[in-house]
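Following: one structure in structure tokens, then a few remarks.
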Amino acid sequence: MSTIHILFGTESGNAEMVADDIAAALQGRGFETEIAELSEDVAADLADMELAVFVTSTYGEGDLPESAAPFYETLLAERPDLSGLSFGAFGLGDSVYETFNNGIDTLRGALSGLGARQIGETAKHDAASGDLASNLASSWAATLLDLVPA
Amino acid sequence: MTPTRLPTAPPQTGFRRPPRVAIIGAGPSGCFTAQALRKRIANIQITVFDALPTPYGLIRHGIAPDHQGAKAVQRQFDRLFARDGVRFVGNTLIPGDLPCAQLTEAFDAVVLATGLARDRGLGVAQDEQARVIGAGALLRLLNSDPDSPLRHTAEGVPELGREIAIVGTGNVAVDVARLLTKSAAELASSDIDDHALHALIPHGIATIHVIGRSDRESAKWEHSMLKELASVQSVALRFDGEPFDAASNPAGKSIRIDVRFRQTTQSITTMRDKTLLTTCEEGDPSKPSQFLVDAVISAIGFQDDSPLSHELDAPHIFRVGGCASGRLGNLAENRKLAAAAAQTIAEYLARDDRAVPVDDDIDHLFPARHVTFDGWRRIEEAETLRARPQRCRTKFTTRDELLAAAQPVTDRLAINA
């Protein structure tokens, strides 16, 4: 069975916690998981991955977290062929701000533009809702599993 | 500082008991440091102390009460205490309840994460009768911090009046302006201290002058924060006389927020029963401006007033966050600083030649009335259960209430009987 890569971009650590939760949910169903922070190296390895889950928050004027910028820029500059990659997308945001959850949409657009295929719905957690991101992460990961190619 | 600490017997690579680390201050810097240390050293034993009965510092008492989403970062730390074996010891003032020497002798490393507790003063001549209030103290009051200085004045919570000036153009200034101008409906699902807010502005606000030293481009506030302020229903926001955006048309708006840039504060005096703030443009006294207001709020940063900052110094004592950097950054910045500090601490703990504590028991160090993480959970539950309509919780505002709520229910019954 192939490994599911769980790749996160974070500034305050919330997306990393969600990545941990998704990994736990997937492991509970017998999948192998690898967690990594979005980086230049991850961008270089992406073309060899078959299954990935992207988790990111939104900062500033709707940007990706600062730490994920090198990943995003490398992706745009190198334009790897991602036609072998299926991915799930989980965004974290705060509806207090207009740019609520722009970050994950930016990332989805880039990945799709390089040939990657999204599976499942994009999860968008709203911190202002008071619901726990961990709860949404677990239930969303469970629905994703049904869509994962065997 | 370390008279009874013994160097490790001959440098060796064999078994050593898990390192024991004390973190003083359960705010974001202390908690991010605990989290980062645990990631690096799986079996580390961490105790996080706080002078208050409650953890989370500025997450609970600094982040604005209408920004509950930002406060959700505490869920990461709940996990640290509830699942990952990090211990919370609240209601424990160091050195008052636990002398520094005992602490530094009992732990392999001690991390100061005490933040910056005081508002920085305006640094100009100031009439004693003038009403000048720190933005940090104000936010702590509206966030129900039992120790906010504004709760403990002779006259009670001071009334701000209808015309105020805020000195400073950072996010804290925006938080204050927004909280004082939002309607009751706009504060729905916050946990603002309604009594305190009413005591501050019983007749509402008419005008806020925001006075900044920098120019418009270099002001520190974030644009997303300004957009949020401009969208407050009754607010017309103007920058040097120009509307901030189309939504800031003054028609039908009852509150004016006028921002003035490049203003250096010159003096604070009084005129009749009002406070007079005098500024000049870019420090040029020939271009003065005067603002006659009911109160001036200083929002130009914070400073340290912890005695620990001077008292503690040894190779196994580390500092992180505000008390190390001299400024209170946002959560993301402090998370980065905490990761860097954790790396330094982990390298120290890995050294063979460092001193190790002799005493193996630390429980006897904790004061009898300390609050555990379970105690905090009971406080949190009680505050949620007693939430007023339109509020996500209603916090306790005194240490006595917090300590009572921290007691297990069986003990509370016993006390009542």
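Residues in the range A:68-93 that are facing chain B (nearest Cβ under 9 Å) and surrounded by fewer than 22 Cβ atoms within 10 Å (Cβ to Cβ): how many? So that I can check it myself, show each step before the final result.
Applying the first criterion (facing chain B (nearest Cβ under 9 Å)) to the range A:68-93 yields A:93.
Next, from what is left, pick out any that are surrounded by fewer than 22 Cβ atoms within 10 Å (Cβ to Cβ): none.
Looking only at that region, the number is 0.
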(request) Filter the range B:164-222 for residues that are surrounded by 15 or more Cβ atoms within 10 Å (Cβ to Cβ), among the acidic types (Asp, Glu) and more than 14 Å from chain A (Cβ to nearest Cβ) and give the result. (result) B:Asp193, B:Asp194
(request) Check off (1) away from chain B (no Cβ under 14 Å); (2) surrounded by fewer than 16 Cβ atoms within 10 Å (Cβ to Cβ); (3) under 20 Å from A:Leu132 (Cα atoms) for A:Glu34 and give me the number that stays unchecked. (result) (3)
(message) I'd like the residue in the range A:92-133 that is aliphatic (A, V, I, L, M) and in contact with an Asp or Glu (Cβ under 6 Å, 6 or more places away or on another chain) and, out of all such residues, is farthest from A:Gly13 (Cα to Cα).
(response) A:Ala128
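For every residue, the table says whether it meets (1) small (Gly, Ala, Ser); (2) outside any helix (DSSP H, G or I).
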| residue | (1), (2) |
| --- | --- |
| B:Ala42 | yes, yes |
| B:Pro53 | no, yes |
| B:Ala64 | yes, yes |
| B:Gly69 | yes, no |
| B:Arg75 | no, no |
| B:Phe81 | no, no |
| B:Thr92 | no, yes |
| B:Ala101 | yes, no |
(message) For the range A:40-64: of the residues being of a type in the set (D, E, K, R) and away from every other protein chain (no Cβ under 14 Å), which is nearest to A:Thr99 (Cα to Cα)?
(response) A:Glu40
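Do we find that B:Leu277 is in contact (Cβ under 8 Å) with a residue 40 or more places away in the chain, assigned by TED's automatic domain parsing to the domain that holds B:Tyr56 and surrounded by 17 or more Cβ atoms within 10 Å (Cβ to Cβ) in this structure?
Numbers: in contact (Cβ under 8 Å) with a residue 40 or more places away in the chain: yes; assigned by TED's automatic domain parsing to the domain that holds B:Tyr56: no; surrounded by 17 or more Cβ atoms within 10 Å (Cβ to Cβ): yes.
When the stated conditions are applied, B:Leu277 does not pass them.
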(request) Count, please, the residues in the range B:180-219 that happen to be more than 22 Å from the chain's Cα centre (by Cα), assigned to a loop (DSSP other than H, G, I, E, B) and among the β-branched types (Val, Ile, Thr). (result) 2
(request) Would you check if there is a residue in the range B:319-328 being assigned to a strand (DSSP E or B), more than 19 Å from B:Leu179 (Cα to Cα) and not assigned by TED's automatic domain parsing to the domain that holds B:Leu139? (result) yes
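Let's see how each residue does on (1) in the same structural domain as B:Phe261 (by TED's automatic domain parsing); (2) within 17 Å of B:Val296 (Cβ to Cβ); (3) free of Cβ contacts under 8 Å to residues at least 24 places away in the same chain; (4) assigned to a strand (DSSP E or B):
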site	(1), (2), (3), (4)
B:Ile133	yes, yes, no, yes
B:Leu139	yes, yes, no, no
B:Glu159	yes, yes, no, no
B:Arg178	yes, no, no, no
(request) At least 2 residues that are within 17 Å of A:Gly115 (Cα to Cα) in each: list the strands (runs of 3 or more DSSP E) lying fully within the range A:1-98 that qualify. (result) A:51-57, A:86-93
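Looking at the range B:306-318, can you tell me whether even one residue there is assigned to a helix (DSSP H, G or I), out of contact with any Cys (no Cβ under 8 Å at 6 or more places or on another chain) and on the phi < 0 side of the Ramachandran plot? Spell out how you get there, then give the answer.
Step one: filter the range B:306-318 for residues assigned to a helix (DSSP H, G or I), giving B:308-311.
Then keep just the ones that are out of contact with any Cys (no Cβ under 8 Å at 6 or more places or on another chain); that gives B:310.
From what is left, the residues that are on the phi < 0 side of the Ramachandran plot are B:310.
Checked the range B:306-318: at least one residue is assigned to a helix (DSSP H, G or I), out of contact with any Cys (no Cβ under 8 Å at 6 or more places or on another chain) and on the phi < 0 side of the Ramachandran plot.
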(request) Would you check which residues across the range A:94-109 are surrounded by fewer than 21 Cβ atoms within 10 Å (Cβ to Cβ) and within 14 Å of chain B (Cβ to nearest Cβ) and list them? (result) A:Ser95, A:Val96, A:Glu98, A:Thr99, A:Phe100, A:Asn102
(message) Among the numbered criteria (1) closer than 29 Å to B:Arg354 by Cα; (2) assigned to a helix (DSSP H, G or I); (3) free of Cβ contacts under 8 Å to residues at least 60 places away in the same chain, which one does B:Gln35 miss?
(response) (3)
(message) Being crowded, with 17+ Cβ neighbours inside 10 Å and either assigned by TED's automatic domain parsing to the domain that holds B:Leu180 or farther than 25 Å from B:Pro307 by Cα (or both) narrows it down to one residue among B:Asp84, B:Asp97, B:Asp127, B:Asp78; which is it?
(response) B:Asp78
(request) Select from the range A:120-137 the residues that are surrounded by fewer than 17 Cβ atoms within 10 Å (Cβ to Cβ) and more than 14 Å from chain B (Cβ to nearest Cβ) and list them in ascending order. (result) A:Glu121, A:Thr122
(request) Check the range B:133-149 and report whether any residue there is surrounded by 18 or more Cβ atoms within 10 Å (Cβ to Cβ), within 14 Å of chain A (Cβ to nearest Cβ), more than 30 Å from B:Arg351 (Cβ to Cβ) and among the charged types (D, E, K, R). (result) no
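The values are calculated or read from the model by the stated rules, or taken from the named source; none is laboratory data. Keep in mind it's a predicted model, so treat the numbers as computed, not measured. Using ideal geometry, Cβ is built from the backbone for each residue, glycine included, and neighbour counts are taken over all protein chains shown.
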